[in-house]
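Engineer: Take a look at the following structure, please.
Nothing in this text is a laboratory measurement; each read-out follows from the coordinates by a stated rule. In this text, all values refer to a predicted model and were calculated from it rather than measured experimentally. Glycine gets a Cβ as well: all are built from the backbone with ideal geometry, and neighbour counts include every protein chain shown.
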Amino acid sequence: MKIAFIVGGFPVLSETFVINQVIGLIERGHEVDIYGIPPAIDSSKVHPDVEKYNLLAHTHYPPTISKNYLWRILKGIGLIIKNFHKSPLVILRSLNLFYGKRAISLRLLYSVMQLLEAQPYDIIHCQFGTYGLEGMILRDIGAIQGKLITTFRGYDISLFIQQRGKHVYDSLFAKGDFFLANCEFFKKKAIKLGCDPKKIVVHGSGIDSSRFPFQLRYPRPDGKIRIATTGRLVEKKGIEYSIRAVAKVLKIYPNVEYTIIGDGCLKEDLQQLINSLNIANKVKLLGWKNQVEIIEILNNSDIFVAASVTGKDGNQDAPVNTLKEAMVMGLPVIATLHGGIPELVKDGISGFLVPEKDSDAIAEKLIYLIEHPEIWSQMGQAGRTYVESHYDMNKLSDELVQIYQQVVMSSSHYQELVLNSTGSYEAIN
């Protein structure tokens, strides 16, 4: 099959799920083109598979859009003159004021430039509902052809709804061919918003478990307890609460160290919090790390914390890959009763679930784990088993291909996709 991915910034370290899906399809013999925007990244922190699979050779970016509207217009005129012969109707449609701000701002014109010579696709897979809207418009004006599939992943089905209203996806639900949600929690939200239940299934984000070495966790000879968190330094990751929790634990167990991998808009605020709590010698913000560096840090950790919260803007998390990676490496985890996370972490089995924004509860569970190291290995083994069973990248890549095939085979009438007894997707009329 010939497949187009419509994404945001690419490649982005915090969105390995996109890379995992792309390489899973490539390994199965499918042709994948990626349409996104170049992110501001440190090239040394790019996921290793970007280079291994030469993904940038399959990636297409639109022309850079100037913030100065006059320069944007002048450049837009130049683009029209240079490319009009390639697809006159598509270019004219991209200027149609029916498409509102995207046409008026010329963003739609700039977006179609990367597609003017694109061949028809079997599947157009939009990562996040926001890019589903983009894909819908691009297909409407004839810039791209193919069956339109949209995956809902988090902010697009939480924060974006708060910002744009509960009817923002009405047209996409009507025109889209099929939908995926990365957890049952977001599937239910999409259905509540108006998605046909027969046109959406849960398809999780997979990881390659073989890349994350498993080890049973036991107390260290030096007596230190090393706690880790991986995530963007943004409100919904709840890192403020894990920092406060560790500060409470340090009053009882001063041999604790806490490392936080990631970067984001709250970096300065979190560093100020660390300083104000007088724990800067015990809690470190490490910034972004590549996969190899993350694995090394987690290898040397004892407990993993993911304190996700619902943001003031309504933003929520799915079962995040950073948690899956920690679990598959054998770390007992502490996470929150938030979004799709309870679908991943089984309370009391692979870790503990606590209420959102409750640093006392996080501290309580940290202390419990510190005082009961005999359960670390049991929880770690349970976590790895669950992730391998439910989030194996290879299984999910096979599943995704089956979904694509069913959507391609359907004509004007879609077929409902359901899991059969073998765990594979099949269509029922």
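Engineer: Rounded, prolate or oblate: pick one for the stretch 210-390, where a ≥ b ≥ c are the square roots of the eigenvalues of its C-alpha gyration tensor, a/c under 1.5 means rounded, and failing that, prolate if a/b is larger than b/c, else oblate.
Structural biologist: rounded
Engineer: Working out 0.36 nm times the residue gap between I73 and I295, then minus their Cα-Cα distance, what length gain in nm do you get to one decimal?
Structural biologist: 75.2 nm
Engineer: Using only the alpha-carbon atoms, how far is helix 129-140 inclined from the longest principal axis of the chain? Give it as 0 to 90 degrees, nearest 10.
Structural biologist: On a 0 to 90 degree scale, this one is about 10.
Engineer: Follow-up question, since we're still on this one. For the chain, what is the calculated [θ] at 222 nm in deg cm²/dmol (nearest 500), taking -39500 (n - 2.57) for each run of four or more DSSP H residues and dividing by its residue count?
Structural biologist: So the calculated ellipticity at 222 nm is -11500 deg cm²/dmol.
Engineer: May I pose another question? So which trypsin sites (Lys or Arg not before Pro) in the stretch 1-85 pass both tests, a DSSP loop state and at most 14 other Cβ atoms within 10 Å of the Cβ?
Structural biologist: Working: sites: K2, R28, K45, K52, K67, R72, K75, K82; in loops: R28, K67.
The qualifying sites are R28, K67.
Engineer: Express the relative contact order of the chain as a whole percentage, based on alpha carbon pairs under 8 Å and six or more residues apart in sequence.
Structural biologist: 15 percent
Engineer: For labels at E356 and H60 in the simple 7 Å Cα→Cβ model, what's the distance in nm?
Structural biologist: Result for the modelled spin labels: 3.9 nm.
Engineer: Shape call for the stretch 148-203 from the C-alpha gyration tensor, a ≥ b ≥ c root eigenvalues: rounded (a/c under 1.5), prolate (a/b greater than b/c) or oblate?
Structural biologist: oblate
Engineer: Follow-up question, since we're still on this one. Once you keep just the Cα pairs under 8 angstrom separated by 6 or more residues, what percentage relative contact order results for the stretch 98-213?
Structural biologist: Averaging sequence separation for qualifying contacts and normalising by length gives 20 percent for the stretch 98-213.
Engineer: For the chain, give the magnitude of the charge dipole about the Cα centre (Cβ charges: +1 Lys/Arg, -1 Asp/Glu; no others), in debye to the nearest 20.
Structural biologist: Computed about the Cα centre, the dipole is about 1240 debye.
Engineer: What angle, in degrees between 0 and 90 and rounded to the nearest 10, separates the Cα long axis of helix 359-371 from the longest principal axis of the Cα atoms of the chain?
Structural biologist: So the helix axis and the longest Cα principal axis differ by about 50 degrees.
Engineer: Students often get this wrong: which residues of the stretch 322-358 have the backbone nitrogen under 12 Å from the point 7 angstrom along Cα-to-C-beta of Y368?
Structural biologist: In the stretch 322-358, the label zone of Y368 (backbone N under 12 Å from the point 7 Å along Cα→Cβ) covers 333-335, 347-355.
Engineer: Within a Cβ distance under 14 Å of F84, other residues only, what is the Lys/Arg minus Asp/Glu net charge?
Structural biologist: +2
Engineer: Moving on to the next point. Which chymotrypsin sites (Phe, Trp or Tyr not before Pro) does the stretch 45-122 hold that lie in a coil by DSSP with at most 13 other beta carbons within 10 Å?
Structural biologist: Numbers: sites: Y53, Y69, W71, F84, F98, Y99, Y110, Y121; in loops: Y53, F84, Y121.
Here the sparse-neighbourhood loop sites are F84.
Engineer: Another question, then. Return the single residue from I81, I141, I243 with maximal mean-square fluctuation; model: Gaussian network over the chain, springs between Cα atoms under 10 Å.
Structural biologist: Its mean-square fluctuation being the largest, the pick is I81.
Engineer: Here are some values of Cα extents along the principal axes in Å: [x] 61, 48, 40; [y] 71, 55, 41; [z] 68, 52, 46. Which one was computed from this structure?
Structural biologist: Computed from these coordinates, Cα extents along the principal axes in Å corresponds to label [y].
Engineer: Given H placed on each backbone N at 1.01 Å, which residues far from V354 in sequence or on other chains put an amide H within less than 5 Å of it?
Structural biologist: Correct list: A335, T336, L337.
Engineer: May I ask which of K312/K395; K2/K192; K267/K312 have a Cα-Cα span longer than 25 Å here? Don't skip to the end; give the middle numbers.
Structural biologist: Numbers: K312/K395 36 Å; K2/K192 32 Å; K267/K312 18 Å.
Beyond 25 Å: K312/K395; K2/K192.
Engineer: Round to the nearest 10 and give me the degree value, 0 to 90, for the angle of helix 393-409's Cα axis relative to the longest principal axis of the chain.
Structural biologist: In the chain, helix 393-409 runs at an angle near 20 degrees to the longest axis.
Engineer: Quick one: Cα centre-to-centre distance for the stretch 57-77 and the stretch 143-158, in angstrom?
Structural biologist: Cα centres, the stretch 57-77 to the stretch 143-158: 23 Å.
Engineer: Okay, moving on. Quickly work out the V202-to-R28 label distance, labels modelled 7 Å from Cα along the C-beta direction, and quote it in nm with one decimal.
Structural biologist: That separation, rounded to one decimal, is 2.0 nm.
Engineer: Also, quick follow-up: How high is the relative contact order of the stretch 210-390, in percent, with contacts defined as C-alpha pairs under 8 Å that are six or more residues apart?
Structural biologist: Dividing the mean separation by the residue count of the stretch 210-390 yields 27 percent.
Engineer: Could I have the simple spin-label model distance between F84 and L337, label points 7 Å from Cα toward Cβ, reported in nm to one decimal?
Structural biologist: Roughly 6.3 nm, to one decimal.
Engineer: Quick check: net charge around V7, other residues with Cβ under 14 Å of its Cβ, Lys/Arg +1 and Asp/Glu -1? Could you put the intermediate results ahead of the total?
Structural biologist: Numbers: positive: R153; negative: E15, D33, E134, D156.
Around V7, the charge tally is -3.
Engineer: At a Förster distance of 22 Å, what's the computed FRET efficiency of I252 paired with R220, Cβ-Cβ distance as r, to 0.05? Present the calculation step by step, with values, prior to reporting the outcome.
Structural biologist: Details: r = 18 Å, r/R0 = 0.82.
Working from the Cβ atoms, E equals 0.75.
Engineer: By the gyration tensor of its Cα atoms, with a ≥ b ≥ c the square roots of the eigenvalues, what is the shape of the stretch 327-380: rounded for a/c under 1.5, prolate for a/b over b/c, or oblate?
Structural biologist: oblate
Engineer: Which one of T310, Q406, N394 is farthest out on the positive end of the charge dipole of the chain, using unit charges on Cβ (Lys, Arg +1; Asp, Glu -1) and the Cα centre as origin?
Structural biologist: Positive-most Cα among the choices belongs to T310.
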